[in-house]
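Just below is one structure, and these are the notes that go with it.
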Amino acid sequence: MNILHVAVHMGDGAGKAIGGLAILGNKSGKDNHRILLLDEPRKTNHIDRCCAAGVNVLPRNMAGLAIDEADVVITSWWGSPIMDKFLREFPNIPCRVVLWTHKNGFYDPPLPDALVRSCDELLVTSPLTFENPAWSDGTLVYGFGDFAPEKIRPKTDYSLNRDSFVIGYVGMPSYKRFPLNALDYMSTTIALIPDAVFVLVGEYSDEFKSSIILAGLEDKVRLLGWTNDALSLLRTFDVFGYLLRSDSSATTENSVLEAMAAGLPVVMSRKPVGKYLVKDGTGFLVDSPGEYAQNLLRIYESEDLRRSLGQAARKHILTSCNVSENLNRFHEACLKVVAKQKYVHKFGGF
């Protein structure tokens with residue numbers, strides 16, 4: 001099959017999901033994957049990787065020709081106005097369209113039912129999406145691309161040999177991701193564990209940085225900014241603390257999977273997707289600052305617990321994050337769509 005992925009960009013999360021899957025698909029020999037970008041790329045690391053693996057990345061001005069040549073068009077949706085505008089102005093070319101939503105659909109941005117109905121198949125990146133009965137006949141295709149957890153070198157030393165207990169995070173330190181009372185979670189933990197230090201990796205917002213300064217937590221909450229070597233940093237953490245807004249649009253959460261693959265115990269917000277990622281014996285799910293701090297205290301006080309949780313987390317990811325199974329689900333969904341006739345799609349009703 002000739003498969004065309006249409007995406008706004010190939011930034012960090014999108015690049016992992018779309019680029020990695022396309023690379024795997026081409027390597028399988030079953031399909032030929034290409035990627036059409038609607039916006040000028042700002043980061044090219046994932047694009048360069050795709051090109052090196054023989055996956056063609058096309059500019060927007062090739063949309064008409066690329067759609068016409070494709071057996072299946074995969075639209076990667078995360079609520080971008082650029083994608084929505086493109087769909088509303090979709091070319092009058094007969095085709096088959098699969099919607100791959102990289103948001104859970106319940107929270108901002110909500111997944112429009114009209115958009116789902118206008119496509120030939122729905123792919124989702126989290127089981128949470130299936131909690132809406134209208135979307136339950138979709139296919140689960142995680143957004144972890146060609147993630148290879150076995151290649152991540154795991155943590156082996158679970159002792160606390162430093163002056164601080166490092167609670168690490170990789171993602172986006174921002175109130176777009178964190179609960180609005182995120183600093184309550186952190187300050188409650190610091191009060192209970194004076195040795196605790198939060199090390200937050202990723203592009204942070206000025207608003208969140210200002211909140212840390214106003215709260216007088218600069219020495220305890222350290223913002224490292226973006227790095228391309230996050231995997232090495234994981235082994236310097238004692239635990240992975242992953243806070244999310246309960247109304248987050250989160251799905252696969254690759255940084256959590258990577259932390260677990262690195263053998264880190266995880267303490268994560270239960271809602272909205274924590275219950276699908278952190279299983280019993282691999283970490284703790286929490287709903288409040290007090291619960292967060294108490295579970296971190298348990299981990300702080302026991303090297304044996306740190307080791308057992310971390311090793312169980314790695315084992316869970318090694319068995320559950322199977323890229324071949326994920327690719328096969330994607331391929332089977334595309335085969336189902338190819339059996340249908342091409343037709344002109346209209347997306348003006350959402």
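Remarks
- Some residue of the range 2-22 being part of a loop (DSSP other than H, G, I, E, B), more than 27 Å from residue 250 (Cβ to Cβ) and at pLDDT 95 or above: no
- Filter result (free of Cβ contacts under 8 Å to residues at least 60 places away in the same chain, of a type in the set (S, T, N, Q) and within 18 Å of residue 327 (Cα to Cα)) within the range 20-71: 26, 32
- Apart from one condition, residue 298 fits all of (1) touching a residue at least 24 places away in the same chain (Cβ under 8 Å); (2) of a type outside the set (S, T, N, Q); (3) surrounded by 14 or more Cβ atoms within 10 Å (Cβ to Cβ); (4) more than 18 Å from residue 155 (Cα to Cα); the exception is (1).
- For the range 263-350, the helices (runs of 4 or more DSSP H) that sit wholly inside it and include 1 or more residues that are within 30 Å of residue 31 (Cα to Cα) are 274-277, 303-320, 323-338.
- Test: residue in the range 30-39 that is within 27 Å of residue 328 (Cβ to Cβ) and at pLDDT below 95: yes
- Filtering the range 217-230 for residues that are modelled with pLDDT of 95 or more, on the phi > 0 side of the Ramachandran plot and surrounded by fewer than 17 Cβ atoms within 10 Å (Cβ to Cβ) leaves an empty set.
The values are calculated or read from the model by the stated rules, or taken from the named source; none is laboratory data. Note that the structure is predicted; figures quoted are calculated from it, not measured. All Cβ positions, even for glycine, are placed from backbone atoms using ideal geometry, and neighbour counts span all protein chains on display.
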